Ligand code: SF4
Ligand code: SF4
């Protein structure tokens, strides 16, 4: 396993991180954590030392599962990340309670990397940072030794990530980064690296799009023998600014395979990255990158989710069943939502890819 310095914190973390949001549902719903605990222990045995969770993950079971696993793990050999969102707490006092609940559930005395969760807009950022707000509450907890480092997770675009990084209030960032959206997000990654922050990436497989279409994403492969999921992780880790690639682990097999990507990583120079970015923007420019910039619909249509499903239409050359399947399985939605569009055009103005969203929604509604 490759280990990397997490920004300026002095901590060295494993290149592959364990994402705790996809533990097997049938197990945790019945209160049986044994298999999930084995997954955590196996990852730890294989060298993973960065474990990420959040209060809401797995219907609020994720932190409990970790709590059970951590009972038999040497605390000096791993780091834990958890989060608090605007929907969890409305002020610093409530954020403190959320933090204390996480500590209790996981049987820990402190959180190594505490995240201000899912900053989607600069208004969100302002709400987190207001006097007496969540950031203030967590900063106070940090002064008392309950938190080591305050970080943020985000869906902002590259320019806004750069603005937040420049404020100098966070030591690390967790952001969605993969072969579908990397060209669009790269600017934010570079800004965070320049600010000396640790950079943790999530959603390495583009929500499953990459392994479902290996031929279309063959440009990220540098070894024909390895599974595309491993290539997708190595593609991220080959970029020297990236500290950790988080994988939402689903099974023991998933743990074994993912960990392979944290070894023998060949760095990618700027030339190679530019070539990949060119390929992505020229060959796959009709894809929605999931940046969420358009997500301000007056009739509350969740456009990024519908456009994510439409990606299947692009990648399969017109398979409507694949779009419906993606909506159902990934987003628990059906095509009827798309018919609510009143064609105001707001989303098309905001779209970073300049996609014909209205036309796509019309097509989805007819599927
Ligand atoms: S064009 Fe349709 S989807 Fe886009 S913002 Fe307006 S109503 Fe929403
Ligand atoms: S439709 Fe455009 S703005 Fe919306 S998530 Fe996709 S790429 Fe981003």
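Laboratory data are not the source of any read-out in this text; all were calculated from the coordinates shown. These numbers come from a predicted model, not from an experiment. We place every Cβ from the backbone using ideal geometry, glycine too, and count neighbours over all the protein chains shown.
The table below lists the values:
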| item | result |
| --- | --- |
| Rounded FRET efficiency, nearest 0.05, which uses the C-beta distance separating residue 143 from residue 26 and R0 of 35 Å | 0.25 |
| Candidates 212, 353, 321: whichever shows maximal mean-square fluctuation once the chain is modelled as a Gaussian network with Cα springs under 10 Å | 321 |
| Computed Kirkwood radius, in angstrom, where 1/r is averaged over Cα pairs of the range 1-157 | 16.0 |
| Residue with peak Gaussian network fluctuation, the chain [Cα springs, cutoff 10 Å], from 331, 117, 87 | 87 |
| Residue 60/residue 274 FRET efficiency (R0 35 Å; Cβ-Cβ; nearest 0.05) | 0.20 |
| Radius of gyration and maximum dimension Dmax of the chain, Cα, Å | 20.1, 57 |
| Cα pair count fraction exceeding 14 Å, expressed as % - the range 9-53 | 53 |
| Gyration tensor (alpha-carbon) shape descriptor, the range 210-367, a/c threshold 1.5 | prolate |
| Alpha-carbon Rg/Rh ratio, for the range 250-320, with Rh computed the Kirkwood way | 1.10 |
| Added length on full extension, which subtracts the Cα-Cα distance from 0.36 nm per residue, residue 325 to residue 130 | 66.0 nm |
| Sorted by Cβ neighbour density within 10 Å, fewest at the top, the residues 255, 342, 244 | 342, 255, 244 |
| Separation of alpha-carbon centers, the range 147-221 and the range 60-103, rounded to whole Å | 23 |
| Helix 303-316 axis, angle to the chain major axis (alpha carbon atoms, nearest 10°) | 60 |
| P(r) weight above 21 Å for the range 132-277, C-alpha pairs, percent | 47 |
| By average C-beta atoms within 10 angstrom, highest first, the peptides 8-20, 31-43 | 8-20, 31-43 |
| Computed [θ] at 222 nm, deg cm²/dmol, the chain (DSSP H ≥ 4; -39,500 (n - 2.57); rounded to nearest 500) | -13000 deg cm²/dmol |
| Pair residue 122, residue 73: separation of 7 Å Cα→Cβ label points (nm) | 3.9 |
| Helix 92-106 vs. the chain, principal-axis angle (Cα, 0 to 90°, nearest 10) | 80 |
| Sorted peptide list for 258-268, 229-239, criterion being average Cβ within 10 angstrom, highest first | 229-239, 258-268 |
| Rh by Kirkwood over Cα pairs, then Stokes-Einstein D for the range 303-366 at 1.567 mPa s and 4 °C, µm²/s | 110 |
